[in-house]
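The block underneath contains the structure these notes are about, expressed in structure tokens.
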Amino acid sequence: MKGRKFLKVTKEHAKCCTTILMIIGGAFGIIGGIVAMIGAGALAAVLETSAGGLMLASALILASAVFQLIAGIMGVKNCDKPEKAQSCIVIGVIVAILSVAGNVISNVLGSDFNIINYATGLIIPVLYIIGAVK
């Protein structure tokens, strides 16, 4: 079980940084998504306009963060269970897809294309998927 080292560091159930970072990132992302949705609503009210694009981006941030948190928890919970690796792979792929989708929507809404944003958004999910595959 080579991939176990990606998901678990010691026998005392201290988990690897990929799952811990997924949990931390998911928690911060949920907070950020909620703040973004409130901010988008407030901006729309002040400007008396529609904030459909901003609300869509905020909802995507929130959904991505929830999946990221779930993936981290699943990684911690199932690192000793190779039969659960497939579900970890699936949730890891979902997190990666949502990360790319969030960057694409950000670019469509006017943000400059930045390869660093795409790379940093994919590093942890890709390491998570590699750990689950192994």
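The values are calculated or read from the model by the stated rules, or taken from the named source; none is laboratory data. Treat the numbers as computed from the prediction; the structure is a model and nothing was measured. Please note: Cβ atoms are built from the backbone with ideal geometry, for glycine as well, and neighbour counts cover all protein chains shown. Remember, those area values only see protein heavy atoms, side chains included, never the ligands or the DNA or RNA. Shrake-Rupley method; radii C 1.70, N 1.55, O 1.52, S 1.80 Å.
Points worth noting:
- S87 vs. criteria within 30 Å of K134 (Cβ to Cβ), hydroxyl-bearing (S, T, Y), without any contact (Cβ under 8 Å) to a residue 60 or more places away in the chain and out of contact with any Pro (no Cβ under 9 Å at 6 or more places or on another chain): yes
- Residue match in segment 47-55 (condition: assigned to a helix (DSSP H, G or I) and either in contact (Cβ under 8 Å) with a residue 40 or more places away in the chain or within 12 Å of the chain's Cα centre (by Cα) (or both)): yes
- Residues (closer than 25 Å to L127 by Cβ and among the small types (G, A, S)) located in segment 29-52: G29, G32, G33
Per-residue answers, yes or no, for (1) modelled with pLDDT of 85 or more; (2) surrounded by 14 or more Cβ atoms within 10 Å (Cβ to Cβ):
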{"site": "R4", "(1), (2)": "no, yes"}
{"site": "K11", "(1), (2)": "no, no"}
{"site": "K15", "(1), (2)": "no, yes"}
{"site": "G25", "(1), (2)": "yes, yes"}
{"site": "L43", "(1), (2)": "no, no"}
{"site": "E48", "(1), (2)": "no, no"}
{"site": "A51", "(1), (2)": "no, yes"}
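- Residue within segment 75-95 that is β-branched (V, I, T), on the phi < 0 side of the Ramachandran plot, open to solvent by 70 Å² or more (accessible area, probe 1.4 Å) and not in a helix (DSSP H, G or I) present: no
- Near pairs, Cβ below 7 angstrom, 6+ apart or cross-chain, from segment 109-134 (more than 22 Å from V90 (Cβ to Cβ)) to any residue that is in a helix (DSSP H, G or I): L109/G53; L109/A57; F113/N107; N117/N103
- Hits in segment 53-71 (condition: crowded, with 17+ Cβ neighbours inside 10 Å and under 20 Å from L127 (Cα atoms)): S64, A65, F67, Q68, L69, A71
- The C-beta contact set for segment 67-78 (first residue closer than 13 Å to V95 by Cα and among the small types (G, A, S), second residue open to solvent by 40 Å² or more (accessible area, probe 1.4 Å) and in a helix (DSSP H, G or I), distance under 8 angstrom, 6+ apart or interchain) comprises A71/I94; G72/I20; G72/L21; G72/I23; G72/I24.
- Condition check for I116: modelled with pLDDT of 85 or more, assigned to a helix (DSSP H, G or I) and surrounded by fewer than 17 Cβ atoms within 10 Å (Cβ to Cβ): no
- The set of residues in segment 32-41 that are within 22 Å of V100 (Cβ to Cβ) and either buried (at least 20 other Cβ atoms within 10 Å of the Cβ) or of a type in the set (G, A, S) (or both) comprises G32, G33, A36, A40.
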